[in-house]
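All remarks here apply to the structure that follows.
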Amino acid sequence: MMALSCLTRALRSLTLSQPALFSSQAITQTRLGTQGPKAVGQCRGFLTTTCLEQNRTSWKQTEKYTTRPMGMKKTGGRDQSGRIRTHGIGGGHKQKYRCIDFQRLRYERNNNAQPFEEKVVEVRYDPCRSADIALVAGGSRKRWIIATENMQAGDIIKTSGVIGHMAVSANEGDAYPLGALPVGTLVNNLEIQPGKGSEYIRAAGTSGILLRKVNGTVILQLPSKQQVQVLETCMVTVGRVSNIDHNKRIIGKAGRNRWLGIRPSSGLWQRKGGWAGRKIKPLPPMKVYVNLPSISAQ
Amino acid sequence: MFPESVHCLKTAAPFFPQTVLLKDLRRLCTHGGASHVQPSRHFAVSRPLAAKVPPPRKPRERVEIPGLEMVTYGERMHFVPGLSKPVNPQWERDYKDPRYYKAPPAHEMPLFKEKPCFVYNQRTSALEGVRQALWLTKTKLIPGLPPQLLSLTESPANQIPDQDERVQNAIKHARFWDTTQERPGKEKYSNTLLFNLLHLCATLQSSHPGIGRRILSEKYSLAATWKRGEDLFQIRGQNGLLQNCMDPLPEVSGKQEVGHTADQVLETLYPVSPTIDLQQVHMYKEQLNCTGFRDDYPYPHAHTLYFLDGADATCKLRPEQFRAKMLMFAFGNALVRAHKLYGSQPQRVLDRPITVQAVGTNGRIFQFLVLQLNTTDLSGDDGIKNQVWLDENVELYDFAKVRPLIKKKQVKVPAGLAGYKPEVFSKFLALYLHGAV
């Protein structure tokens with residue numbers, strides 16, 4: 001009986017015609033009751049604010065490629081939730097981002113898959129990376145690329161996607177597929193998957209070494225002495241990356257680190273565990289980025 | 001929503017048996033409608049936990065199967081789950097409203113052409129500078145001004161009385177006296193200096209009546225079209241100050257020299273294409289040639305163009321690019337005049353070559369240019385070429401300092417005007433008097 005009365009009372013509260021109120025809400029209603037019956041009818045409650053936790057917006061405004069430097073927003077080591085994900089980042093001089101074209105083998109609209117040449121217009125410092133960048137112009141387009149060691153304004157650099165029978169005697173700064181280069185060349189701006197754009201060996205002064213060529217794939221040694229096997233059609237530039245004395249520079253004072261956007265590390269003394277100290281380990285196994293057919297499939 | 005509403009119900013109505021309450025609530029609230037509502041809008045009190053930004057959801061793909069009609073809830077006038085959304089026909093306004101005009105896509109515009117046209121406008125900064133401009137205009141470069149022009153000012157009849165002093169006063173006025181601030185800005189002093197020098201040159205009108213047959217004009221829009229190789233080029237824009245004349249300028253080099261230019265080979269810009277940095281447009285009018293003035297204008301011939309470096313604040317050109325701009329616009333003016341006189345068909349040799357002069361300055365450094373248009377047949381790389389005499393980076397004075405430069409208690413550069421060079425003004429005057437002597 002009691003349950004039924006409760007049920008009916010609850011049900012009555014849900015009728016759309018007459019809003020029934022519980023006691024606490026009744027109190028609030030009487031407080032506001034002096035304003036008279038609200039004209040607003042019943043409505044579904046809705047969220048009027050967006051989630052404030054997701055404040056990750058990209059500062060990039062254009063999808064089109066441009067050589068103009070664009071203003072950048074610093075993250076301070078914070079991720080989209082606003083908390084610090086990486087410590088020690090923040091402040092520093094304002095930097096403008098120059099869009100670098102990492103895909104060296106990018107043909108122009110008129111040119112259909114022919115090797116082409118480009119002229120280096122200027123080589124300059126880039127605040128966003130340790131290496132220097134070069135503005136190259138070829139055909140009717142200009143783009144920024146990572147400069148190699150002895151690149152100067154006025155040089156002509158070649159980019160070719162053709163793999164011949166003989167290995168090419170490559171000049172520094174030229175870009176060829178791995179299969180076209182002789183064994184033992186120093187290379188940089190390595191592509192792991194053909195056409196994806198270079199993701200490895202881009203830092204100042206680094207270079208990889210072509211170790212050997214194995215039918216259709218090539219084995220390289222990265223600057224960390226890790227060996228890697230990739231397809232021979234992946235593009236790579238010849239030579240060492242520019243600004244080779246980058247690791248020999250002396251910061252000199254704490255302020256210079258702050259100008260670079262590096263905040264001081266935590267001063268808390270922590271007992272060093274197994275992670276600290278010099279490690280002498282065998283080289284990790286070679287990383288293979290090629291889908292080779294398995295040996296069992298004869 | 002459930003925990004909070006349960007909680008408030010619990011606090012509000014303790015006489016409700018709890019088990020019943022919870023079960024009822026769940027039953028009652030499942031329909032998700034407006035339960036326990038107050039008459040006022042209420043805002044949800046829940047907030048989602050921290051999560052990654054959800055990726056933008058693509059709207060569901062609408063599949064069109066020909067012959068199969070979609071059953072929509074359009075007729076029922078309310079949403080019915082399971083039926084598709086009615087697609088309404090695109091409504092077009094039957095009257096023209098400029099506030100809601102949507103331009104058609106590029107290939108439906110009337111002036112659209114498949115072949116692109118490369119446009120050089122007043123903000124173009126050519127990568128290769130003068131070399132690129134020389135290739136585009138099929139011109140041969142001769143460093144230094146032509147000797148007959150320089151010899152014009154040697155006779156005292158073509159000189160202004162008290163020339164040096166008056167020019168120095170003009171510079172001092174532009175650089176020091178023309179402001180209430182400490183020093184005038186670059187745009188201001190370069191403009192003032194140019195007009196002061198022009199005024200000085202114009203004082204010779206009493207002895208040279210030809211000067212009276214000229215007029216200055218600004219902000220006129222030039223447009224010229226020509227074909228070079230496979231591509232179509234246009235030069236368009238409002239370049240600078242133009243001095244127009246009733247009579248054309250005499251030609252600078254004779255027919256023999258013009259014939260010799262046919263043996264010259266144009267410098268190639270490989271690997272850079274000469275169309276680099278030019279604006280590529282697909283919508284243009286073919287054979288667009290416009291001097292900027294009407295046909296019955298009493299001063300049809302372009303005499304000299306005056307370019308100021310700081311005129312456009314948004315466009316800062318390096319000296320090489322500035323000279324290229326001067327060359328291109330002088331060429332544009334000459335070409336448009338040639339098209340008007342001899343027709344728009346390319347002519348291998350013009351009977352009377354058209355000469356146009358140009359002066360560019362940034363307030364201190366001057367660039368002088370004399371262009372002679374010998375041919376309008378610009379499609380091939382061989383044949384007679386146009387000629388340009390270019391005198392670059394001549395300084396009118398070294399320093400015009402408001403405060404002296406003192407290093408280690410020694411005055412390195414005194415205040416005031418220092419290092420005035422009189423021959424630069426004589427060149428300026430020679431270019432001005434060319435045609436009126």
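The values are calculated or read from the model by the stated rules, or taken from the named source; none is laboratory data. All figures in this text were calculated on a predicted structure; none of them were measured in a lab. Cβ coordinates were reconstructed from backbone atoms using ideal geometry, including for glycine residues, and neighbour counts include every protein chain displayed.
Couple of notes before you dig in:
- For A:Pro285, the conditions (1) under 29 Å from A:Arg78 (Cβ atoms); (2) surrounded by fewer than 12 Cβ atoms within 10 Å (Cβ to Cβ) are fulfilled apart from (1).
- Selection of segment A:192-214 for residues being over 29 Å from A:Arg249 (Cα atoms) and either buried (at least 21 other Cβ atoms within 10 Å of the Cβ) or more than 27 Å from the chain's Cα centre (by Cα) (or both) yields A:Leu211, A:Arg212, A:Lys213, A:Val214.
- Filtering segment A:167-221 to residues that are touching a residue at least 60 places away in the same chain (Cβ under 8 Å) and of a type in the set (A, V, I, L, M) leaves A:Ala170, A:Ala175, A:Ile192, A:Ala203, A:Ala204, A:Ile219.
- Count of segment B:388-417 residues which are in contact with a helix residue (DSSP H, G or I) (Cβ under 8 Å, 6 or more places away or on another chain) and of a type in the set (A, V, I, L, M): 7
- Matching residues in segment B:245-300 - criterion: being within 14 Å of chain A (Cβ to nearest Cβ), exposed (fewer than 13 other Cβ atoms within 10 Å of the Cβ) and in contact (Cβ under 8 Å) with a residue 60 or more places away in the chain: B:Thr268, B:Gln280
- Per the listing B:Leu335, B:Leu350, B:Leu417, the residue uniquely over 20 Å from B:Gly144 (Cα atoms), crowded, with 21+ Cβ neighbours inside 10 Å and touching a residue at least 60 places away in the same chain (Cβ under 8 Å) is B:Leu335.
- Contact annotation: residue pairs with Cβ atoms under 7 Å, 6 or more positions apart or on different chains, pairing a residue in segment B:395-410 that is without any contact (Cβ under 8 Å) to a residue 40 or more places away in the chain with a partner that is surrounded by fewer than 11 Cβ atoms within 10 Å (Cβ to Cβ) and β-branched (Val, Ile, Thr), are B:Pro404/B:Val411.
- Which numbered condition B:Lys385 misses (of (1) in contact with a helix residue (DSSP H, G or I) (Cβ under 6 Å, 6 or more places away or on another chain); (2) within 25 Å of B:Ala170 (Cα to Cα); (3) not hydrophobic (A, V, I, L, M, F, W, C)): (2)
- Residues within segment A:102-127 that are assigned to a loop (DSSP other than H, G, I, E, B) and either closer than 22 Å to A:Gly255 by Cβ or in contact with a Gly (Cβ under 8 Å, 6 or more places away or on another chain) (or both), tallied: 11
- Inter-residue pairs, beta-carbon under 6 Å, first in the same structural domain as B:Phe307 (by TED's automatic domain parsing) and in segment B:98-122, second part of a loop (DSSP other than H, G, I, E, B) and among the β-branched types (Val, Ile, Thr), 6+ apart: B:Phe118/B:Thr275
- Conditions (1) within 13 Å of chain B (Cβ to nearest Cβ); (2) modelled with pLDDT under 90; (3) surrounded by 12 or more Cβ atoms within 10 Å (Cβ to Cβ); number of the one not met by A:Gly76: (1)
- Annotation: of all residues in segment A:80-96 being surrounded by fewer than 16 Cβ atoms within 10 Å (Cβ to Cβ) and touching a Phe, Trp or Tyr at 6+ places or on another chain (Cβ under 9 Å), the one that is modelled with the lowest pLDDT is A:Gly91.
- None of A:Val288, A:Val241 is at pLDDT 95 or above and farther than 21 Å from A:Ala167 by Cβ except A:Val241.
- Qualifying residue in segment A:119-131 (condition: in contact with a helix residue (DSSP H, G or I) (Cβ under 6 Å, 6 or more places away or on another chain) and either without any contact (Cβ under 8 Å) to a residue 24 or more places away in the chain or not hydrophobic (A, V, I, L, M, F, W, C) (or both)): yes
- Of the criteria (1) crowded, with 24+ Cβ neighbours inside 10 Å; (2) among the β-branched types (Val, Ile, Thr); (3) within 22 Å of B:Asn196 (Cβ to Cβ), which one B:Val370 fails: (3)
- Some residue of segment B:153-164 being over 28 Å from B:Phe399 (Cβ atoms), surrounded by 15 or more Cβ atoms within 10 Å (Cβ to Cβ) and not hydroxyl-bearing (Ser, Thr, Tyr): yes
- Of the candidates B:Leu141, B:Leu149, the single residue that is surrounded by 14 or more Cβ atoms within 10 Å (Cβ to Cβ), touching a His at 6+ places or on another chain (Cβ under 9 Å) and assigned by TED's automatic domain parsing to the domain that holds B:Asn289 is B:Leu149.
For (1) outside the structural domain of B:Leu150 (by TED's automatic domain parsing); (2) over 20 Å from the mean Cα position of the chain (by Cα); (3) surrounded by fewer than 18 Cβ atoms within 10 Å (Cβ to Cβ), each residue gets a yes or a no:
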{"position": "B:Ala313", "(1), (2), (3)": "no, no, yes"}
{"position": "B:Ala330", "(1), (2), (3)": "no, no, no"}
{"position": "B:Thr376", "(1), (2), (3)": "no, yes, no"}
{"position": "B:Asp382", "(1), (2), (3)": "no, yes, yes"}
{"position": "B:Asn386", "(1), (2), (3)": "no, yes, no"}
{"position": "B:Leu396", "(1), (2), (3)": "no, yes, no"}
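- For segment A:135-150, the criterion of being part of a loop (DSSP other than H, G, I, E, B) and crowded, with 20+ Cβ neighbours inside 10 Å is met by at least one residue.
- Odd one out for B:Thr304 among (1) of a type outside the set (Phe, Trp, Tyr); (2) touching a Pro at 6+ places or on another chain (Cβ under 7 Å); (3) surrounded by 24 or more Cβ atoms within 10 Å (Cβ to Cβ): (2)
- Flag if A:Gly179 is in a loop (DSSP other than H, G, I, E, B) and over 24 Å from the mean Cα position of the chain (by Cα): no
- Qualifying residue in segment B:104-116 (condition: at pLDDT 90 or above, out of contact with any Cys (no Cβ under 9 Å at 6 or more places or on another chain), surrounded by fewer than 11 Cβ atoms within 10 Å (Cβ to Cβ) and assigned to a strand (DSSP E or B)): yes
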